[in-house]
1. Return yes or no: is Asp59 part of a loop (DSSP other than H, G, I, E, B) and at pLDDT below 95?
2. The conditions are (1) over 19 Å from Met3 (Cβ atoms); (2) modelled with pLDDT under 80, and Gly34 fails exactly one of them. Which is it?
3. For the range 18-49, which residues satisfy the criterion of being hydrophobic (A, V, I, L, M, F, W, C), crowded, with 16+ Cβ neighbours inside 10 Å and either part of a loop (DSSP other than H, G, I, E, B) or touching a Pro at 6+ places or on another chain (Cβ under 9 Å) (or both)?
Amino acid sequence: MKMQDVRVMAKSMGIKCFGKTKANLIREIQRTEGNFDCYGSAREHCDQEACLFRSSCLDENKEKPKK
């Protein structure tokens, strides 16, 4: 999901976007929806099947090296 799409979604929920990273903005959307604010924390598995950001989160984390 592109940042512009995330901003549009956030604004429609009444969330201010200025100065926030994509990950922080998505986490705020997740909290507003009543979900876990876990974007970017899953490495190989995510049990949040209904999350709108699940696939982009997992795809993004495939590229990060494991600590």
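1. On the way: part of a loop (DSSP other than H, G, I, E, B): no; at pLDDT below 95: yes.
So Asp59 fails the test.
2. (2)
3. If the condition is that a residue be hydrophobic (A, V, I, L, M, F, W, C), crowded, with 16+ Cβ neighbours inside 10 Å and either part of a loop (DSSP other than H, G, I, E, B) or touching a Pro at 6+ places or on another chain (Cβ under 9 Å) (or both), then Cys38, Ala42, Cys46 are the ones that fit.
The values are calculated or read from the model by the stated rules, or taken from the named source; none is laboratory data. Computed from a predicted model, the values in this text were never measured in an experiment. As a convention, Cβ positions derive from the backbone with ideal geometry for all residues, glycine included, and neighbour counts pool all protein chains shown.
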